[in-house]
């Protein structure tokens, strides 16, 4: 009976440790909310993510998938935007729940903490696949989601970055079990689908590195089966990448993402001395950003446990060989983090820090598994303490003003290192399993303890906090009766943080919640000529000249730009326009608020999407207008056969019955109807550029999804029936201890 109970406990121990890691990660994440209720609702999550999810959820609940919205102008090309996650069921779930939510702060907080917990579970599984014991894998599962960049940038603001970092461990684990062990590829296929269709490229780049390393290792080992499986995994990822990213790539030439350059402005990248702060949860290092040469957050913090690595050295040769993928990825992402700040469209390389944390955490767990407690010596404890002192000294040299917190953290780390060393060396605990469990528990406890000084120094993200309303109903009450379409002009950031200002206006994608269609939305792909013409940034802020531009007649068409855009409502920010602007004929000031001026037309015009202007002597009648198409019948063709549409001239438009002309103002879609005759119907329609390739890639993905599991099953059966199991490589077992080399 006792033996049976012991076997049961042993069988369930890994699951218990993993569950403990996931639960503690959730608790640690929630602890930040107790200090800063809006910790996970800042910057892009405030004015970007929630409004985007709300709009996507609204479309999904009405049975539509958004493709293009001409009323949103430069923010309305959804497949090109990528990060809308239009093909991602996880994003759909988040979006639908956002549409049902009344409190955006609560909704976003739950989503963020859930993904941190998901990350912890994936790290545990990945560490186990590399040979880490359950307790040390759980330690890694706790440490990795506590990485400084993950907590203070991705989790606080950049949601898609968090989603990528949370799913990547699951992808890697699924890849290893299907490629290395001939197990079902479905976990890899599902996880990698989620990763790629989130639309955030950084995790996809990491996956490319992992796949290439796996293929090279298989080729070097002359393992044809493993190489074929890696190629299948790579083909799946590549085809998905085409389906998700091709529209953005083909749209880039008309956006601010066009061109390729390599520069180093020292913006959100680190240097070698910064990496010495990787073990300090309260050190800022010298990572430059919007606030100058130092950012008030521990962006390069990896894990407080890093100085303990000498305790686990040297690594056995077979363990080093098994950890080659970890070493390769760790070296590469470290080089990228300290590399140029911009390489083409890839900006701000410190965004790769979550993957430094991932590889370092898993590697630490594997090293501890094979060295603790047998390889731990007093001498190595002293070496670990020396490394801690040196790292803290270099960190102090970079940020001397933080010496009090650095000293406090160093003392806690030193005590923890000594305690772990004592657990390994004491003779009072005879069983190695008990020592390992106690040491892992101590490491997890210290991880939670160090959140306290970290929150004392950095209670919130350094990214902007706009203080947007925590009520969906309140945001839906903004511009309730204004005629479509509307645009905001002026500095939208001027009154950020002032709650009363949100009784008159919204920001970024929160405008999706307004009953009026407002084009001043958030985009990651600003349309170059449009944004320059209206001096508009990616969140919809403009300079003062934008109002003059809207009310000034275009030299080529003779119509005001507002007419060409179909704008009937203008909301002007008072900080930019202290005195009431004088509207032209046909417009009137309908209300003055504390923060805004509201102008409307006397007679509203049709909004964006339809015909805005026809050339001299040319007249047409609009037959039908939808988000992705407009049809019009030619009534007369004059000397100037151009027809201007109130749409941006995006790649992907096709014109049936006429030709594409140079865009008016370099951004308005323009049709040349010279070859048409009266009575002809011209149809202008939009499809994401590269759609045939996207469909073909998706079809091939479907083939792989069906064929690979079948082939995998046959390969496994063949390997199992081989005389010596040739070709079947199971995951490596986890040894209890290494050889005893204690002094």
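The values are calculated or read from the model by the stated rules, or taken from the named source; none is laboratory data. A quick note: this is a predicted structure, and the numbers were derived from the prediction, not measured. With ideal geometry, Cβ positions are generated from the backbone for all residues, glycine too; neighbour counts draw on all protein chains shown.
Could you tell me which residue of region 536-558 is farthest from the chain's Cα centre (by Cα), considering only residues that are farther than 19 Å from residue 525 by Cβ and surrounded by 17 or more Cβ atoms within 10 Å (Cβ to Cβ)?
Restricting attention to region 536-558, the residues satisfying the condition of being farther than 19 Å from residue 525 by Cβ are 543-558.
This time we only want the ones that are surrounded by 17 or more Cβ atoms within 10 Å (Cβ to Cβ), so: 546-547, 549-551, 554, 557.
Numbers: 546: 31, 547: 34, 549: 35, 550: 34, 551: 38, 554: 39, 557: 42 Å.
Among them, the one singled out is 557.
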Conditions (1) modelled with pLDDT under 95; (2) in contact with a helix residue (DSSP H, G or I) (Cβ under 9 Å, 6 or more places away or on another chain): number failed by residue 428: (2)
Failed criterion for residue 299 (all others in (1) over 21 Å from residue 388 (Cα atoms); (2) in contact with a strand residue (DSSP E or B) (Cβ under 9 Å, 6 or more places away or on another chain) hold): (1)
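From the list 211, 246, which one is farther than 21 Å from residue 349 by Cα and either within 20 Å of the chain's Cα centre (by Cα) or buried (at least 19 other Cβ atoms within 10 Å of the Cβ) (or both)?
Values: 211 fails: farther than 21 Å from residue 349 by Cα.
Just a single option satisfies the conditions, and that option is 246.
Let's see how each residue does on (1) modelled with pLDDT of 95 or more; (2) in the same structural domain as residue 54 (by TED's automatic domain parsing); (3) surrounded by fewer than 23 Cβ atoms within 10 Å (Cβ to Cβ):
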residue: 438; (1), (2), (3): no, yes, yes
residue: 493; (1), (2), (3): no, no, yes
residue: 498; (1), (2), (3): no, no, yes
residue: 519; (1), (2), (3): yes, no, no
residue: 528; (1), (2), (3): yes, no, yes
residue: 534; (1), (2), (3): yes, no, no
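Got a sec? Which helices (runs of 4 or more DSSP H) wholly within region 322-433 have at least 2 residues that are buried (at least 18 other Cβ atoms within 10 Å of the Cβ) and over 36 Å from the mean Cα position of the chain (by Cα)? Give the steps one after another, and end with the answer.
Numbers: elements: 324-337, 353-371, 378-398, 403-425.
Answer list for region 322-433: 378-398, 403-425.
Yes/no matrix, rows are residues, columns are (1) within 21 Å of the chain's Cα centre (by Cα); (2) in the same structural domain as residue 366 (by TED's automatic domain parsing); (3) closer than 30 Å to residue 319 by Cα; (4) surrounded by 19 or more Cβ atoms within 10 Å (Cβ to Cβ):
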| position | (1), (2), (3), (4) |
| --- | --- |
| 97 | yes, yes, no, no |
| 109 | yes, yes, no, yes |
| 114 | yes, yes, no, no |
| 134 | no, yes, yes, yes |
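One residue is enough: does region 329-338 have a residue meeting the conditions closer than 20 Å to residue 123 by Cα, without any contact (Cβ under 8 Å) to a residue 24 or more places away in the chain and in the same structural domain as residue 136 (by TED's automatic domain parsing)?
Taking region 329-338 as the starting set, the residues that turn out to be closer than 20 Å to residue 123 by Cα are 329-334.
With without any contact (Cβ under 8 Å) to a residue 24 or more places away in the chain added as a condition, the list becomes 331.
Now narrow it down to the ones that are in the same structural domain as residue 136 (by TED's automatic domain parsing): 331.
Yes: region 329-338 contains one or more residues that are closer than 20 Å to residue 123 by Cα, without any contact (Cβ under 8 Å) to a residue 24 or more places away in the chain and in the same structural domain as residue 136 (by TED's automatic domain parsing).
Kindly establish whether residue 487 is in a strand (DSSP E or B), at negative phi and surrounded by 21 or more Cβ atoms within 10 Å (Cβ to Cβ). If you could, list the steps in order and put the result at the bottom.
Details: in a strand (DSSP E or B): yes; at negative phi: yes; surrounded by 21 or more Cβ atoms within 10 Å (Cβ to Cβ): yes.
Spelling it out, residue 487 is indeed in a strand (DSSP E or B), at negative phi and surrounded by 21 or more Cβ atoms within 10 Å (Cβ to Cβ).
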Residue in region 613-630 that is within 30 Å of residue 496 (Cβ to Cβ) and either surrounded by 15 or more Cβ atoms within 10 Å (Cβ to Cβ) or in contact with a helix residue (DSSP H, G or I) (Cβ under 8 Å, 6 or more places away or on another chain) (or both) present: no
Qualifying residue in region 257-265 (condition: at pLDDT 90 or above and buried (at least 17 other Cβ atoms within 10 Å of the Cβ)): no
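Just to be sure before I move on: is residue 128 touching a residue at least 40 places away in the same chain (Cβ under 8 Å), in the same structural domain as residue 303 (by TED's automatic domain parsing) and within 21 Å of residue 325 (Cα to Cα) in the structure I sent?
On the way: touching a residue at least 40 places away in the same chain (Cβ under 8 Å): yes; in the same structural domain as residue 303 (by TED's automatic domain parsing): yes; within 21 Å of residue 325 (Cα to Cα): yes.
Criteria met by residue 128.
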